[in-house]
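Since every read-out is calculated from the coordinates, none of them should be taken as a lab result. Since this is a predicted model, take the numbers as computed values, not measurements. When we count neighbours, we look across all protein chains shown, and the Cβ atoms used for this are built from the backbone with ideal geometry, even at glycine.
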Amino acid sequence: MHPLAQRILQGDLRAIARAATAVENRTAEAEQILRDLFPHTGHAAIVGITGPPGAGKSTLVDQFARQLRTARQNIGIIAVDPSSPFSGGALLGDRIRMQHHHADPGVFIRSMATRGHLGGLARGTLEMALLLDAAGRNTILVETVGVGQDEIEITRLADVTVVVLVPGMGDDVQAIKAGIMEIADVFVINKSDLPGASRLEQELKAMLSTSPGNSEREIPIVQTVAGEGKGIDAALDAIHAVHSARKRDGVQLWQARLREMIRERILDLLPFSEIEAAARAVASRQSDPYSEVAKWMQRFQRSGPLR
Ligand SMILES: Nc1nc2c(ncn2[C@@H]2O[C@H](COP(=O)(O)OP(=O)(O)OP(=O)(O)O)[C@@H](O)[C@H]2O)c(=O)[nH]1
Ligand SMILES: [Mg+2]
């Protein structure tokens, strides 16, 4: 076993931090460590927190962590930040808000940048969660960027997905409805100190009752004021209830995850510049997408780049 893996299993914080960096850089060492750790995973509850920018996701995560700490749980927090120049301030905000956890070894916080990766998750988020799981974190809170589309990726990672909404979104609820209905296990209406919280709850209830496929599962709706720590217990209770009632089909879950991992690795083999050149040829109609894809497939078959 890799010496770092050994130390991670004992909960060694420095070892976890070092491995986390290796995971982010996708090194061969990281893969070795993850392989060694894998048999020790599957114990943590992974909770995804998604929702529109500024809904209060980080504030909620912070409050959840505080509350779970009083129950003596060990917590992992993965904050996925969109690494666009516009959100640089948000990352700083997260760091400042969560600073009071920094002296507490029971809360391990890691930010990951999406670097343009679609789906609201950074590459390697699953690996980071597995690492924290093996390190004995009881609950792993994953804050993701929710933009109203592509959030489906979080459901492949999290055991329970919490969708955070705020009052006053108006027609936005309608706009994002299609995407969030399928992924939400719990709805949190945060900033319920602002006007319109009960109206939003009514709208959600109406949508849930008419939405096909939701009849067999009750999706709880909890109002919170994360800024003041209100409703946090109720939200955690709802998350816990969903988690204990839920039996995930591990085979189905790993089927989806493996496909994604294979897809990522294959894409890794294609230099971005080549994809760009091909895209240029296709966009100008000098080539077509089928010929370009066929060219790469032939290359894989010939040179066996999946060594
Ligand atoms: N009025 C009110 N403000 C809140 C509440 N919870 C959080 N806020 C404020 O809302 C702002 C955004 O909170 P964040 O926790 O950073 O929201 P976020 O969803 O993590 O934001 P991004 O990560 O940038 O998408 C902050 O100024 C919070 O202080 C609440 O319950 N009521
Ligand atoms: Mg945030």
Subtracting the Cα-Cα distance of Arg259 and Leu9 from 0.36 nm times their residue separation yields 87.2 nm
Partner lysines whose C-alpha sits under 27 Å from that of Lys230, ignoring same-chain residues fewer than 8 away, are Lys57, Lys177, Lys191, Lys205
For Lys295, counting only lysines whose alpha-carbon sits under 17 Å away and dropping same-chain residues fewer than eight positions off, the answer is none
Ordering 23-30, 45-52 by per-residue average of other C-beta atoms within 10 angstrom, highest first, gives 45-52, 23-30
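If packing is taken as the average number of other Cβ atoms within 10 Å across a peptide's residues, how do 155-163, 198-206 rank, most packed first? Write down the numbers at each step before the final one.
On the way: 155-163: 22.9, 198-206: 15.2.
Averaged packing, sorted descending, gives the order 155-163, 198-206.
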